[in-house]
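Asks: Please read through the structure below; I'll follow up with questions.
The values are calculated or read from the model by the stated rules, or taken from the named source; none is laboratory data. The structure presented is a predicted model; accordingly, all values stated were derived computationally and were not measured. So basically every Cβ, Gly included, is an ideal-geometry build from the backbone, and we count neighbours across all protein chains shown. Ligands, DNA and RNA are stripped out before the accessible areas are found, and what is left, the full protein with its side chains, is counted by its heavy atoms. Shrake-Rupley method; radii C 1.70, N 1.55, O 1.52, S 1.80 Å.
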Amino acid sequence: MSRAAHPAGPRHADVLPGGAVPAPPADLNLLEAKVWPSTVRRGDDGAISVGGVSVRELAAEHGTPAYLIDEADWRMRARAWLAAFGDYDQAEPPVHYAGKAFLCRAVARWAAEEGLGLDVCSGGELGLALAVDFPAHRLTFHGNNKSNAELVRALDAGVGRIVLDSFDEIERLAQLAAQRGQRPRVMARVTVGVEAHTHEFIATAHEDQKFGFSLSGGLAAEAVRRVLKHDSLDLVGIHSHIGSQIFDTSGFEVAAHRAVGLLASIRDEHGIKLPELDLGGGLGIAYTSEDDPSDAFDIVAGLKAIVGRESFGYGLPIPRLTVEPGRAIAGTPGISLYEVGTVKVLDGLRTYVSVDGGMSDNIRTALYDAAYTCTLASRASEAPPMLARVVGKHCESGDIVVRDAWLPADIGPGDLLAVAATGAYCRSMASNYNQALRPPVVSVCEGESRMLVRRETEADLLALDMG
Ligand code: LLP
């Protein structure tokens, strides 16, 4: 394994755009618990292991780049969310895993086994859930533009709830259900006007966006009127999702407050007390040491308190509360493993560490300016810290994996590099840019690894290409 020799000491911090760069950690070999899966350790040989399996072994067996999922950690987070609700009816779990974060058949089975519900937002996600016989009554079907074919599939499957997102969809679903003699349970997706403090593209409850019926504009009240006109629709509640990667829980509290206010005005106008309130997902996770997420228990306790208090204030029964965490279950248990290819030192500018993946397996840095933590994974190093930019191998200068990474100055070709907290929205948003082959997803648990999704091959890509 060759090692590039780099000048010692912190480098180039003065020239980085985007303001402050965090100071280097005291010991680059340490793994900060909140950022990494719970079973990650650095072994006696200096290599890190996850789920009891060394990354060196994982790289030898499965190749790089690869996504690794700590199965025990995933399941532990799922259980923590459910436990936060205390007693509940197991046929109607209060926590629905948002499958868009990452879904494959094994993960859908984990969700089913742990007793979660599942939020699906496309025909494809629904199809995947049905492929493992996920209990249909525990599925919630979302989407701002569901096709008739998707709605029919959801009706045929008997999904637990369909979340209505447009006037047009209300009419279409009412008709399709009536034709089949069905009466699906539906919710209305409401935009409560909360500006979640997150990236614009992942904030969803302010007014100017494609999702839901706006509360302040009166569209939510009108949607409820229209749904109630149809005997073929069983309106059970309202749904709100304010955005993603949110740390400030006051946003959820305002959303809960406004949503219960809507339940009260529905009671006043129609004389009905809707029994359910879904407050969506969006809880942030720690990507770096700067991030300080709340835990499931505190969040659920806060939401329950506010929904209880508001309901009492309006003289309403407390609605059944549900949430839909995606990232907060799947994000931290996942890491990406890469091999370093080249290290390029641009004197006085920056050091680029190139790995064998990039924006095709993690688009979040390029798309949202997301920050990540990474570590030299195949060995420990006592070399001084070097500020580097970890980049991929794509033909694009925005192909950045970790914008500002403190790495040992002796990192070089052949080293393995692990990026933390890539379990959500990385494989699920991966692409074949530059004919990249999407990496495998490997679960690790109690010293064993298991391939959940295999690496794509050139033959896979050519099979779609009709020549
Ligand atoms: N429920 C609904 C209705 C949603 O739209 C979403 C996310 C969730 C639940 C789950 O949100 P989570 O707990 O995972 O934040 N691609 C972006 C995130 C987009 C999320 C879209 N909807 C990212 O990489 O950060």
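Asks: Among the listed residues V307, V323, which satisfies the condition of being closer than 14 Å to P94 by Cβ, away from the ligand (no atom under 16 Å from the Cβ) and either open to solvent by 20 Å² or more (accessible area, probe 1.4 Å) or modelled with pLDDT of 95 or more (or both)?
Replies: Values: V323 fails: away from the ligand (no atom under 16 Å from the Cβ).
Answer to the check: V307.
Asks: Mind checking which residues of region 337-352 are open to solvent by 70 Å² or more (accessible area, probe 1.4 Å) and not in a strand (DSSP E or B)?
Replies: D347, L349
Asks: If only one of A380, A370 is touching a residue at least 12 places away in the same chain (Cβ under 8 Å), in a loop (DSSP other than H, G, I, E, B) and within 16 Å of the ligand (Cβ to nearest atom), which one is it?
Replies: Exactly one of A380, A370 is touching a residue at least 12 places away in the same chain (Cβ under 8 Å), in a loop (DSSP other than H, G, I, E, B) and within 16 Å of the ligand (Cβ to nearest atom), namely A370.
Asks: Has region 430-440 got any residue that is closer than 26 Å to A106 by Cα, buried (at least 19 other Cβ atoms within 10 Å of the Cβ) and of a type in the set (G, A, S)?
Replies: yes
Asks: Give me the residue from region 132-145 that is within 16 Å of the ligand (Cβ to nearest atom) and assigned to a loop (DSSP other than H, G, I, E, B) and, out of that set, surrounded by the most Cβ atoms within 10 Å (Cβ to Cβ).
Replies: At the first step, the residues of region 132-145 found to be within 16 Å of the ligand (Cβ to nearest atom) are 138-145.
From the residues that got through so far, the ones that are assigned to a loop (DSSP other than H, G, I, E, B) too are 142-145.
On the way: H142: 28, G143: 23, N144: 15, N145: 11.
If we take residues in region 132-145 being within 16 Å of the ligand (Cβ to nearest atom) and assigned to a loop (DSSP other than H, G, I, E, B), then H142 is surrounded by the most Cβ atoms within 10 Å (Cβ to Cβ).
Asks: Condition first: in contact with a Phe, Trp or Tyr (Cβ under 7 Å, 6 or more places away or on another chain) and under 30 Å from L462 (Cβ atoms). Can you find one or more residues in region 371-383 that meet it?
Replies: No, there is no match, as no residue in region 371-383 is in contact with a Phe, Trp or Tyr (Cβ under 7 Å, 6 or more places away or on another chain) and under 30 Å from L462 (Cβ atoms).
Asks: Here is a follow-up. Anything in region 271-287 that is in contact with a strand residue (DSSP E or B) (Cβ under 9 Å, 6 or more places away or on another chain), more than 14 Å from L228 (Cβ to Cβ) and crowded, with 16+ Cβ neighbours inside 10 Å? List them, or say none. First the steps, then the outcome.
Replies: First pass over region 271-287, keeping only residues in contact with a strand residue (DSSP E or B) (Cβ under 9 Å, 6 or more places away or on another chain): 272, 274-284.
Next, from what is left, pick out any that are more than 14 Å from L228 (Cβ to Cβ): 275-284.
Within region 271-287, E276, L277, D278, L279, G280, G281, G282, L283, G284 qualify.
Asks: Return the only residue of I162, I202 being surrounded by fewer than 20 Cβ atoms within 10 Å (Cβ to Cβ), of a type in the set (V, I, T) and either within 16 Å of the ligand (Cβ to nearest atom) or modelled with pLDDT under 95 (or both). It would help to see each step written out before you state the result.
Replies: On the way: I162 fails: surrounded by fewer than 20 Cβ atoms within 10 Å (Cβ to Cβ).
Result: I202 is the single residue among I162, I202 that is surrounded by fewer than 20 Cβ atoms within 10 Å (Cβ to Cβ), of a type in the set (V, I, T) and either within 16 Å of the ligand (Cβ to nearest atom) or modelled with pLDDT under 95 (or both).
Asks: Right, here's the next one. Check region 357-367 and report whether any residue there is crowded, with 21+ Cβ neighbours inside 10 Å, among the basic types (K, R) and out of contact with any Ser or Thr (no Cβ under 7 Å at 6 or more places or on another chain).
Replies: Yes: region 357-367 contains one or more residues that are crowded, with 21+ Cβ neighbours inside 10 Å, among the basic types (K, R) and out of contact with any Ser or Thr (no Cβ under 7 Å at 6 or more places or on another chain).
Asks: Could you list all residues from region 111-126 that are within 13 Å of the ligand (Cβ to nearest atom) and open to solvent by less than 10 Å² (accessible area, probe 1.4 Å)? Lay out the reasoning, then the answer.
Replies: Taking region 111-126 as the starting set, the residues that turn out to be within 13 Å of the ligand (Cβ to nearest atom) are 116-122, 125.
Result: L116, G117, L118, D119, V120.
Asks: Let me ask you something else. Quickly run through region 247-294 and pick out the residues that are modelled with pLDDT of 90 or more, hydrophobic (A, V, I, L, M, F, W, C) and not in a helix (DSSP H, G or I).
Replies: Matches in region 247-294: I272, L274, L277, L279, L283, I285, A286.
Asks: I want to confirm something. Restricting to region 228-270 and keeping residues that are of a type in the set (S, T, N, Q) and crowded, with 23+ Cβ neighbours inside 10 Å, which single residue is nearest to the ligand (Cβ to nearest atom)?
Replies: Checking each candidate, the answer is S244.
Asks: Does any residue in region 31-43 that is in the same structural domain as L376 (by TED's automatic domain parsing) come within less than 6 Å, Cβ to Cβ, of a residue that is exposed (fewer than 14 other Cβ atoms within 10 Å of the Cβ) six or more places away or on a different chain, and which pairs are these?
Replies: These pairs meet every condition: E32/S289.
Asks: In this structure, does Y67 turn out to be under 24 Å from A328 (Cα atoms), within 16 Å of the ligand (Cβ to nearest atom) and modelled with pLDDT of 95 or more?
Replies: Judged against the criteria, Y67 is a match.
Asks: Among the residues of region 85-102, write down those that are open to solvent by 10 Å² or more (accessible area, probe 1.4 Å) and away from the ligand (no atom under 14 Å from the Cβ).
Replies: Passing the criteria: F85, G86, D87, Y88, D89, Q90, A91, E92.
Asks: Here is a further query. If you check every pair at least six apart or on different chains, which have Cβ atoms under 6 Å apart with a residue in region 138-167 that is at positive phi first and a residue that is surrounded by fewer than 22 Cβ atoms within 10 Å (Cβ to Cβ) second?
Replies: Cβ pairs passing all conditions: G143/C121; G158/A136.
Asks: Just one of A108, A149, A129, A174 is surrounded by fewer than 22 Cβ atoms within 10 Å (Cβ to Cβ), out of contact with any His (no Cβ under 8 Å at 6 or more places or on another chain) and part of a helix (DSSP H, G or I); which is it?
Replies: A149
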